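Report on one structure; see the data block that follows.
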Amino acid sequence: MSPMKLNDIKLAVIGLGYVGLPLAVEFGRKRLVVGFDISERRIDELKAGNDRTLETTTEELQAAKQLSYTTHANDLRACNCFIVTVPTPIDRYKRPDLAPLIKASQIVGKALKQGNIVIYESTVYPGATEEDCVPILEEFSGLKFNQDFYCGYSPERVNPGDKEHRITNIKKVTSGSTPEIADLVDDLYNEIIPAGTHKAESIKVAEAAKVIENSQRDLNIALINELAIIFNRMGIDTEAVLKAAGSKWNFLPFRPGLVGGHCIGVDPYYLTHKAQAIGYHPEIILAGRRLNDGMGGYVVAQLLKAMTKRGIKVDGAKVLVMGLTFKENCPDLRNTRIMDVITELKDYNCAVDVYDPWVPAGDAQQEYGITLIQELVPNTYDAVILAVAHQQFKNMGAVAIRALGKTRHVLYDLKYLLTAKESDLRL
């Protein structure tokens, strides 16, 4: 069956989170779009003009006049092109968890008809679209791949909280299961992305390109984290070293830190999973992951050592953790490695308060069982950890943050918000 024309596309976006909603909003300015999500709460909020992820404004939601929202899978039957933007997390054993992707493929499969196209944006390992998703689409639709329906893959490049690099000004990788479909998928995305597209040679190439983008960043950060550990033992300020090295034009400006979130701390495990499945053990990628995953324990060890040196009793110590999200200036809690620090501190019987003005209290409770404090009380804490570089914390400054500690306390700056003289410890 010949592929449809661009003007014939009736679009649906499956999953309206950090990735799906901005995409649906941009398309909703240009053409009819059905936005589908399984969360009734999410749909109700969007219908009321409220995006809890803060990736889109009320004005942007209102401008997407051709975008409708639904939780009813039957509403997808009116569509002929489906973009799947559901999460692809890892499980407790750091294995890919394809459950959301499988469920979405089942839902789409039931709505699939002759000549339809399914485009995946969720981050996966090379081969997942055709090897894991296509069989589900075939099973639930009764149709044959590349005969009755087609697929594309266009990896998301959303950077939560970044108001400068948004979907419209980030170049988009596209691909399709046939040359004709690749052209159509590319044309579709070019409708909304002035920055343009890069049409990959195949779906597997596009999948691999996405997964190595964040694996590369993960390894670079792991290198800097290891350097920070070494320099700490040598009594050298890491930031000073990085500034000096950064004076060379081609030095990459990475900084040490906790590596979490839905991309950098997760995507490498998708690649290593596939590598191991084909009989190759990826030593460098996994070494970087081990080092980055261990940074929470390192941070706590450094803090407790500094407290002990100052004669502050660790058992029962009151510690303030400033920031819970995986990165600054966004409410995203997914895979935040701040939890490693909190859990480790509690293992030492520290009383931990967590403050984050970006996170709704109910979200922290639901996701991690943490009750956020709602106000900061001066002269309260034996240790203060600046864990996330939120603008509110920058605005506070060193004096106000110091005032939260008792007369004798330790201030640990994980994000270089303060100068070396203003804090007691830095990564």
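The values are calculated or read from the model by the stated rules, or taken from the named source; none is laboratory data. Since this is a predicted model, take the numbers as computed values, not measurements. When we count neighbours, we look across all protein chains shown, and the Cβ atoms used for this are built from the backbone with ideal geometry, even at glycine. Ligands, DNA and RNA are stripped out before the accessible areas are found, and what is left, the full protein with its side chains, is counted by its heavy atoms. Shrake-Rupley method; radii C 1.70, N 1.55, O 1.52, S 1.80 Å.
The figures follow:
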quantity: Eligible lysines near Lys406 by straight Cα distance, threshold 26 Å, same-chain separation 8 or greater; calculated: Lys305, Lys309, Lys313, Lys318, Lys346, Lys394, Lys415, Lys421
quantity: Solvent-accessible ranking of Ser215, Ser39, largest area first, probe 1.4 Å; calculated: Ser39, Ser215
quantity: Proximal lysines relative to Lys210, as straight alpha-carbon distance under 24 Å, when same-chain residues fewer than 8 apart are discounted; calculated: Lys94, Lys103, Lys163, Lys171, Lys172, Lys199, Lys274, Lys327
quantity: Solvent-accessible area per residue for the range 139-227 (1.4 angstrom probe, square angstrom); calculated: 43 Å²
quantity: Gain in span if fully extended, Lys5 to Ala351, counting 0.36 nm per residue against the direct Cα distance; calculated: 118.4 nm
quantity: Cα Rg, Dmax, the range 352-424, angstrom units; calculated: 12.6, 38
quantity: Sites Ala245 and Arg77 - FRET efficiency at Förster radius 60 Å, r taken between beta-carbons, to 0.05; calculated: 0.55
quantity: Span per principal axis, largest first, for the Cα atoms of the chain (Å); calculated: 76, 48, 39
quantity: Sparsely packed chymotrypsin sites (Phe, Trp or Tyr not before Pro) within the range 1-55, loop by DSSP, other Cβ within 10 Å at most 13; calculated: none
quantity: Ranked packing of 89-96, 174-181, most packed first, by mean Cβ within 10 Å; calculated: 174-181, 89-96
quantity: Sum of side-chain charges, Arg408 neighbourhood, beta-carbon under 14 Å (Lys, Arg +1; Asp, Glu -1); calculated: +4
quantity: Viscosity 1.306 mPa s, temperature 10 °C, Stokes-Einstein D of the range 1-135 from Kirkwood C-alpha radius, µm²/s; calculated: 103 µm²/s
quantity: Percent breakdown of C-alpha pair distances by 5 Å bin, ordered from the shortest bin, for the range 124-269; calculated: 2, 9, 13, 15, 15, 14, 11, 8, 5, 4, 2, 2, 0, 0
quantity: Nearest-0.05 FRET efficiency for Glu139 and Ala403, computed from C-beta distance (R0 45 Å); calculated: 0.15
quantity: Distance between the range 1-59 and the range 350-382 - C-alpha centres, whole angstrom; calculated: 33 Å
quantity: Centroid-to-centroid separation of the range 60-110 and the range 254-300 [C-alpha atoms, Å]; calculated: 27 Å
quantity: Ellipticity estimate at 222 nm from DSSP helix runs (n ≥ 4, -39,500 (n - 2.57)) divided over the chain, nearest 500; calculated: -12000 deg cm²/dmol
quantity: Gain in span if fully extended, Ala48 to Asp187, counting 0.36 nm per residue against the direct Cα distance; calculated: 46.9 nm
quantity: When the range 266-333 is reduced to its Cα atoms, the Kirkwood hydrodynamic radius in Å; calculated: 15.3 Å
quantity: At least 20 Å along the helix axis (C-alpha) and Kyte average at least 0.5, DSSP helices within the chain; calculated: 295-309
quantity: Solvent-accessible surface ranking, highest first, for His72, His165, His390 at 1.4 angstrom; calculated: His72, His165, His390
quantity: Paired Rg and Dmax values of the range 1-46, which use every Cα atom, in angstrom; calculated: 12.3, 40
quantity: Where the range 360-413 is the region considered: accessible area per residue in Å², 1.4 Å probe; calculated: 48 Å²
quantity: Difference of contour (0.36 nm per residue) and Cα-Cα distance, Asp91 to Ile236; calculated: 48.4 nm
quantity: Spherically averaged projected area in nm², based on the convex hull that wraps the Cα atoms of the range 273-427; calculated: 10.3 nm²
quantity: List Arg52, Arg408, Arg310, ordered by accessible area with a 1.4 Å probe, largest first; calculated: Arg408, Arg310, Arg52
quantity: Long-range amide H partners of Tyr381 with built H, under 5 Å; calculated: Gly405, Lys406
quantity: Net charge of neighbours whose Cβ lies under 15 Å from the Cβ of Pro253, counting Lys and Arg as +1 and Asp and Glu as -1; calculated: +4
quantity: Total formal charge among the other residues, if their Cβ is under 14 angstrom from that of Arg77, Lys/Arg +1 and Asp/Glu -1; calculated: +2
quantity: Listed residues Leu101, Ala208, Leu137: farthest to the positive end of the dipole of the range 81-222 (Cβ charges); calculated: Leu101
quantity: Listed peptides 5-13, 115-123, 274-282 by packing density, highest first (mean Cβ within 10 Å); calculated: 115-123, 5-13, 274-282
